[in-house]
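Q: Got a structure for you, questions after.
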Amino acid sequence: MPEVTKAAPAADKRPDRRRGPQGGPQRGGDRRSPGRGRPNSEPKEYDQKILDLARVTRVTAGGKRMRFRAAVVIGNRKGTIGFGLAKGADVSMAVDKATNQARKHLFEIPMAEQTIPHAVKEKFGAASVLLKPAPSGTGLKSGGAVRVLLELGGVPNAVSKIFGSTNKINVAKATMQALRSLRQAKTRVKKS
């Protein structure tokens, strides 16, 4: 007896809402409509820069355990800055943890006439950092980790010098101590 096969029904002309434009499954939801998929991301409040990323190893009796260490600086380029250092099993985890730590340690940099109010020298480990005010139009005369911190902090004019160790993390920590130790300049009132 011959086998009878039924013809497949005609394809439905209506678009399937669960399918993407090419007929495959739609990923991530519709970004235009709130409530579906990922919400619309707000504009970034802080700029973020990875200062240092290293693979670190802890030697144990069972062998070596490798992790990643990230040093992250965040700032809004208007006087607020934060620094975070964290480790994680992979790079993204380390960066996320360091960013969260930086957000917890945000502070305002006191400024006077588009520069820092006074000269300051701080030391962390073997790294020592000197920060000095500069007249308007000078720009940043700094290098390494100090420049990254001052740029993200929004200091337009300053001069810096690194003494001793040039380890990025120790220089960044010394710079953060120096910026925290700055005091707001007193405004002078002219007597008439």
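Q: For the structure I just gave you, tell me whether V155 is under 22 Å from the mean Cα position of the chain (by Cα) and outside the structural domain of L51 (by TED's automatic domain parsing).
A: yes
Q: If you take the residues of the stretch 129-154 that are small (G, A, S) and in a helix (DSSP H, G or I), which of them is nearest to D47 (Cα to Cα)?
A: The residue in question is G153.
Q: Return only the number of the condition from (1) touching a strand residue (DSSP E or B) at 6+ places or on another chain (Cβ under 9 Å); (2) closer than 11 Å to P156 by Cβ; (3) surrounded by 14 or more Cβ atoms within 10 Å (Cβ to Cβ) that M111 does not satisfy.
A: So the condition that M111 fails would be (1).
Q: Sticking with this structure for a sec: So which of T80, T115 ends up being in contact with a Leu (Cβ under 9 Å, 6 or more places away or on another chain) and among the hydroxyl-bearing types (S, T, Y)?
A: Matching residue, one of T80, T115: T80.
Q: Right, another one. In the stretch 119-128, which residues are assigned to a loop (DSSP other than H, G, I, E, B) and surrounded by 15 or more Cβ atoms within 10 Å (Cβ to Cβ)? Before the answer, list the steps.
A: Step one: of the stretch 119-128, the residues assigned to a loop (DSSP other than H, G, I, E, B) are 119, 125-126.
If the condition is that a residue be assigned to a loop (DSSP other than H, G, I, E, B) and surrounded by 15 or more Cβ atoms within 10 Å (Cβ to Cβ), then no residue fits.
Q: Right, next: Identify the single condition in (1) modelled with pLDDT of 95 or more; (2) among the basic types (K, R); (3) closer than 30 Å to I116 by Cα that R67 does not satisfy, given that it satisfies every other one.
A: All conditions pass for R67, except number (3).
Q: Are any residues in the stretch 159-175 in a helix (DSSP H, G or I) and touching a helix residue (DSSP H, G or I) at 6+ places or on another chain (Cβ under 7 Å), and if so, which ones?
A: K168, V171, A172, T175
Q: Follow-up. State whether the residues of the stretch 77-91 include one that is among the hydrophobic types (A, V, I, L, M, F, W, C), exposed (fewer than 14 other Cβ atoms within 10 Å of the Cβ) and assigned to a strand (DSSP E or B).
A: no
Q: Every residue in the stretch 92-108 that is free of Cβ contacts under 8 Å to residues at least 40 places away in the same chain and assigned to a strand (DSSP E or B), please.
A: E108, the sole residue that qualifies.
The values are calculated or read from the model by the stated rules, or taken from the named source; none is laboratory data. Values in this document were obtained by computation on a predicted structure and should not be read as measured data. Positions of Cβ are generated from backbone atoms using ideal geometry, with glycine treated the same way; all protein chains shown enter the neighbour counts.
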